[in-house]
Structure formats: structure tokens, C-alpha cells
Amino acid sequence: MFQNTKCECGHQNPIGTVLCESCGKPLDEGLLKDENAQLEMRYDGVARRSQKANPHVVDRIWNFFSSVKIAVYLIVITLIGASLGTIFQQESTLINMTERSEFAAFYKEKYGTVGVIYHALGLSRTYESWWFITLLVMIGTSLVVCSLDRVLPLYRALSKQQIRKHLQFITRQQVVYVGTLKDEPKEWVGRFGQELKRKRYRVWQENGALLAEKNRFSRWGPYINHIGLIIFLLAVLGRSIPSWHMDQYLSLYEGETRQIPGTNYYLKSDKFTVDYYNDSELANNQKGTKVVKLYETQARLYECTDACDDPLAEPVLKEVMQHEIRVNSALTYKGLSIYQNSYQERVRLISVHPTLLDVGTGEAFGTFDLLMDHPDRNQFQVGDYTLKLNDYYPDFSLDEQKRPMTKSRDPNNPAFVFRIFGPGVQSKGEIYIYFPLPNEKSKYYEQVLNESFKIRGDNTGRFAVKVENPIVDGKMNNIEYSEYTTYLNIRVDKAMPYIWVGAAISMIGLIMGFYWQHRRIWLRVDGDKLSLGGHTNKNSFGLRADVAWALGRSGIEVSPKSLDNRRNSR
């Protein structure tokens with residue numbers, strides 16, 4: 001605990017003051033006992049709130065966050081926590097996974113038992129976790145409190161500097177010269193001040209005393225750096241606001257239009273193109289292999305203008321932009337950025353143009369369009385007949401009780417259950433299940449299920465739905481399909497401009513603090529005795545050179561090394 005009394009100059013200092021705020025005389029008992037010890041000038045010896053006697057609860061909290069040691073501990077813990085998040089993939093980078101069970105299965109399959117533990121501990125969501133965000137908040141709080149605890153007292157001390165300082169204050173600085181003047185004191189002090197001005201010092205004189213100062217602004221560098229870091233951390237925390245940040249993946253096959261989750265925008269892939277290098281463009285060890293040169297998605301962005309949240313109505317879309325999305329050429333619109341991430345060669349059925357037939361006579365009653373993914377209607381008019389869509393299974397299968405089910409939301413094996421009404425059909429209609437994908441399993445399901453409907457009396461076997469002439473001249477006919485599925489990265493980051501601003505401000509503070517040095521020189525003349533002291537927050541060699549140069553130009557030749565107070569004290 002510091003022992004503070006009223007200074008001999010008459011100035012009453014607050015508790016915690018190390019050097020008198022007026023004359024600079026040491027008040028700390030340790031400094032008073034050791035007359036050769038250099039003075040601690042970090043905050044000019046002024047009292048700080050964290051040094052308050054008998055602190056209350058709020059003061060104790062303030063003291064905790066004002067500690068540089070605590071700040072270092074918080075940063076180290078945060079860095080360790082952040083490094084844990086880099087061991088395995090984070091959930092946010094996994095494409096086409098939304099359910100917690102899907103993530104758990106992924107970590108178990110790819111990383112084994114360690115992956116299960118990693119996911120169970122929540123490390124797969126490190127950067128969104130409560131403890132990581134809490135650490136960032138604590139670091140930000142520490143930056144604010146540390147800055148306020150130091151910058152306000154420092155500002156008061158530097159803005160109210162006294163020109164004439166106590167002799168002990170001067171002779172216990174980094175750079176010291178004590179000697180006898182042969183010239184008239186006032187004239188010599190004026191000449192010495194002019195020489196310092198040539199070195200771009202600001203000079204004040206008062207009753208045979210002098211204060212010269214240079215680059216005071218550099219003292220604010222660390223605190224400007226803190227301001228930049230605070231803005232940076234606030235921007236990072238702002239990413240947790242849903243409207244401020246989005247980083248997700250969207251899969252699209254050719255011709256598909258899907259809503260971008262969490263927005264009123266819809267995206268359509270008109271066409272996906274892959275271009276490969278020719279053998280002549282490849283190195284010898286790559287010849288004969290498929291090396292991708294370019295892949296792009298010809299995309300259209302739509303904005304929903306009506307019926308956006310009505311699940312029973314078709315949304316009204318307005319096209320707002322077209323763009324060829326490539327790896328380094330994103331579609332950007334009003335803060336929304338869509339990047340090309342990857343693709344998969346995967347044939348996927350988009351739609352068919354089937355015909356309703358009379359099995360007995362072979363008569364065709366008409367055709368209709370049927371989308372495989374998200375059928376756009378539940379009723380189709382085919383000639384005199386109406387086909388009502390009773391049920392739809394994107395990925396048809398049977399459960400353990402032999403009941404129809406879908407294994408996924410993707411149309412890998414779509415099945416459509418129609419009830420047919422029209423001339424010659426019983427009033428309750430006929431049930432018919434249609435499988436557009438022609439494979440052995442779907443043919444088996446279609447035959448068995450329609451036979452069961454016939455046994456129940458729901459199907460007379462009169463009707464059939466199929467695509468006529470599916471292949472003409474070696475090309476698909478009445479069938480639309482996609483060869484590729486493209487994966488796009490959807491990003492919204494309103495915090496990024498603030499992150500860059502914070503980083504820029506922080507860099508400015510670092511440059512101010514490292515490149516320039518705050519230099520001060522105090523001088524007093526008592527009779528014919530000259531006492532000079534100088535202090536700088538770094539690079540004392542430069543300060544000694546300045547003082548030696550100014551003294552030499554004023555008629556006192558000294559060596560810069562002789563001004564080192566540590567050398568003189570030995």
C-alpha cells in the first residue's frame with residue numbers, strides 16, 4: 001500500500017499516487033529509500049482506480065478486468081479454445097446436414113470414438129459455443145477497463161504538466177546531466193530551447209526551467225490499438241445476430257429453383273458447365289486424366305414479392321439478377337454473396353412427360369408434366385380424366401410392416417399415388433401408383449402395389465401411366481434430367497466492414513506506438529547549477545543523442561553515453 005501525504009510543494013495527491021502530480025517528487029516509500037532508483041514513468045506516477053483503497057464489489061470487478069495479467073490469461077485460454085476447434089471439421093462446414101443426429105453420425109463414421117467425444121463435448125461448434133463467446137466478451141471487457149483505468153489518468157497527467165520539476169524527479173530519469181553554467185542562465189536556457197526546436201520538440205520555459213516534448217501522440221497508440229480490437233471483437237460477436245451473418249451451403253441440380261433458407265430470395269440453376277484441360281495442356285504425368293479447368297453455374301436470383309410465407313400458395317418471384325458463378329466470381333446482391341463451392345456428377349431426374357393409357361385398348365387419353373421434386377400441383381387434367389395426387393414419396397421404400405415410406409427428401413426413387421376419376425370409373429376413383437425411374441426395384445414395387453390395390457377393389461387394372469418412346473435416336477425423349485448437382489456457398493457478412501475497420505484502427509495504433517517515441521526533457525537552473533533529465537518510453541539511445549546534440553550546440557560538449565543514468569549510477 002502506498003503511503004501518500006501532502007507533497008512539500010503544497011499539492012494534495014490522491015491515494016495511490018507514486019509521483020507528485022505537480023512537482024514530480026517521489027511519494028512511494030520504496031522510491032524514497034533508494035535515491036539511485038530510476039522513477040517509474042509509465043503513467044507519470046498518477047493514481048489509478050484499480051489502486052483505490054478499501055475497494056467495494058464494483059471496484060473488485062474493475063480491478064479484476066484492469067489487470068494485464070488477467071488479460072493475458074484470457075487471451076491464452078481463448079487461443080487454446082480456438083485451436084481445439086481446428087482439430088476436426090466444424091459443423092458449419094458440412095454440406096447438406098441440418099439434424100444433430102446427422103452430425104453425430106458423421107463424426108462417428110469419419111473420426112471414430114475420438115470424433116464421438118469431440119462432438120459430445122460441443123467442440124464441433126466451438127466458435128458458436130457459449131463459453132467461447134463468453135471468453136471474447138471477457139477479453140473485450142478487459143480491453144475497455146484496462147484502457148479506461150490507464151488512459152484517463154495519463155491524459156490528465158500529460159495535459160497538465162508542470163514545467164519546473166522537483167530536483168529528485170529530474171536527476172532520477174533515464175537521461176541525466178548535472179553541471180555548472182558559465183553563461184548567463186536565462187540566455188543559455190533560451191538558446192538550448194531553440195536547438196531542441198530544431199529537433200522538432202515543443203518547448204516551454206518558466207523561471208529558469210524548461211520542458212521540451214516530442215511525439216506525445218505516440219502514447220495514445222496502445223489505446224487506439226485497444227479501440228480497434230474492441231471494434232473487431234464487437235463485429236465478431238455481431239456475427240451471432242442472424243441477420244448479420246450467414247454461412248451455409250445450398251445444393252442445386254440443373255433447372256431447380258430453391259429458396260435460400262432464412263431469406264426471401266430464391267436461386268435457380270439454369271445450367272451447370274464443366275470444362276476439362278486437353279492433354280496438350282497437361283503435364284506428362286497428368287495426361288490421360290480428367291483435370292477440371294473451369295466449372296460454373298449459370299444462375300438466376302429471384303426475390304419473393306408475394307405469398308412468401310404461405311405454404312399453400314405458390315410464391316410470386318421477381319428476377320433480380322443473372323450471373324455465371326465461378327470459383328472466383330461470386331454472385332453478389334445487396335450483401336448476399338453466392339460462391340461456387342463444388343459439384344457432383346450425378347444423374348438426377350427432374351421431370352417426365354407421361355401418358356395416361358388404357359391397358360386393354362392401348363388408347364392414349366393424353367399427357368401431362370410431372371415434376372420429381374416438389375410437385376407443383378395436386379391435380380392433373382388428362383383428356384376427360386382427372387388425376388388427383390393423393391401421396392408423394394421422394395425416395396420410396398417399405399418399412400418393417402410393409403408400409404410405404406420415404407428414406408430421404410431427395411427424389412432418388414420417386415413414387416406418385418394417383419386417384420383417377422372420369423368416364424367409366426367408379427365414383428370413388430381408381431388408385432394407381434406410378435414410379436418414373438425405370439429400374440428393377442421400382443418396377444417390382446409398381447407391379448406388387450397396383451396388384452394389391454386391385455385385390456382391394458381400388459384398381460381395375462384398366463389404366464397405366466408411362467412415358468412413351470423414352471429414347472429416340474439415342475436421346476432421352478419426354479424426360480428431363482440433370483447430369484450434375486452443384487453445391488453453392490451462401491454468405492451474408494454485414495460485420496466484415498467493421499472487422500476491417502477495427503483491424504485498420506488497431507494497425508494504426510500499433511504503428512503509432514512502435515514507430516514513434518514519446519520524448520521529454522526537463523531542465524532547471526538553480527544559481528549556476530544546471531540539472532537536466534530526460535525520459536522516453538522507448539529508444540533511450542535516440543533521446544541521449546538529441547540531448548548531447550543540443551548541449552553541444554549550446555556550448556556544453558558531452559558524450560551521449562555519459563548521459564545514461566544507469567551508467568552514472570554504477
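Things to note:
- The set of residues in region 502-552 that are under 23 Å from residue 226 (Cβ atoms), among the small types (Gly, Ala, Ser) and touching a Leu at 6+ places or on another chain (Cβ under 6 Å) contains only 506.
- Contacts under 8 angstrom Cβ, first residue in region 132-145 being outside any helix (DSSP H, G or I), partner modelled with pLDDT under 95, 6 or more apart: none
- Pick from region 8-52, criterion basic (Lys, Arg) and not in a loop (DSSP other than H, G, I, E, B), ranking: modelled with the lowest pLDDT: 33
- Among the residues making up region 398-409, those that are touching a strand residue (DSSP E or B) at 6+ places or on another chain (Cβ under 9 Å) and either over 14 Å from residue 445 (Cα atoms) or buried (at least 16 other Cβ atoms within 10 Å of the Cβ) (or both) are 406, 407, 408, 409.
- Per-region count, region 178-203, residues outside any helix (DSSP H, G or I) and polar (S, T, N, Q): 1
- Meets criteria (touching a residue at least 40 places away in the same chain (Cβ under 8 Å), outside any helix (DSSP H, G or I) and outside the structural domain of residue 24 (by TED's automatic domain parsing)) for residue 95: yes
- Filtered residue count, region 204-219, keeping only those that are under 47 Å from the mean Cα position of the chain (by Cα), small (Gly, Ala, Ser) and not in a helix (DSSP H, G or I): 1
- Residue in region 472-490 that is on the phi > 0 side of the Ramachandran plot and either over 49 Å from the mean Cα position of the chain (by Cα) or exposed (fewer than 15 other Cβ atoms within 10 Å of the Cβ) (or both) present: yes
- Check on residue 288, at positive phi, over 30 Å from the mean Cα position of the chain (by Cα) and assigned to a loop (DSSP other than H, G, I, E, B): yes
So that you can scan it fast, the table gives a plain yes or no per residue for (1) in a strand (DSSP E or B); (2) basic (Lys, Arg); (3) surrounded by fewer than 15 Cβ atoms within 10 Å (Cβ to Cβ):
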site	(1), (2), (3)
258	yes, yes, no
262	no, no, yes
297	yes, no, no
311	no, no, yes
321	yes, no, no
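- Filtered residues of region 92-125 (kept if of a type in the set (Gly, Ala, Ser) and within 28 Å of residue 245 (Cα to Cα)): 92, 101, 104, 105, 115, 120, 122, 124
- Residue check, residue 403 under 38 Å from the mean Cα position of the chain (by Cα) and not aliphatic (A, V, I, L, M): no
- Scan of region 53-88 for residues that are exposed (fewer than 15 other Cβ atoms within 10 Å of the Cβ), modelled with pLDDT under 90 and among the polar types (S, T, N, Q), ordered by number: 54
- Screening residue 115 with (1) over 30 Å from residue 24 (Cα atoms); (2) surrounded by fewer than 17 Cβ atoms within 10 Å (Cβ to Cβ) gives one miss only, at (2).
- Subset of region 220-241 [hydroxyl-bearing (Ser, Thr, Tyr) and not in a helix (DSSP H, G or I)]: 240
- Note on region 363-387: among residues that are under 15 Å from residue 425 (Cα atoms) and surrounded by 14 or more Cβ atoms within 10 Å (Cβ to Cβ), the one that is nearest to the chain's Cα centre (by Cα) is 387.
- Segments classed as strands (runs of 3 or more DSSP E), wholly inside region 396-489, with at least 2 members that are more than 30 Å from residue 344 (Cα to Cα): 415-421, 430-434, 463-466
- Scope region 353-362; condition surrounded by 15 or more Cβ atoms within 10 Å (Cβ to Cβ) and either aliphatic (A, V, I, L, M) or touching a helix residue (DSSP H, G or I) at 6+ places or on another chain (Cβ under 9 Å) (or both); matching residues: 356, 357
The values are calculated or read from the model by the stated rules, or taken from the named source; none is laboratory data. Quick caveat, the model's predicted, so the values are computed rather than measured. FYI the Cβ positions are ideal-geometry reconstructions off the backbone, even for glycines, and counts take in every protein chain you see.
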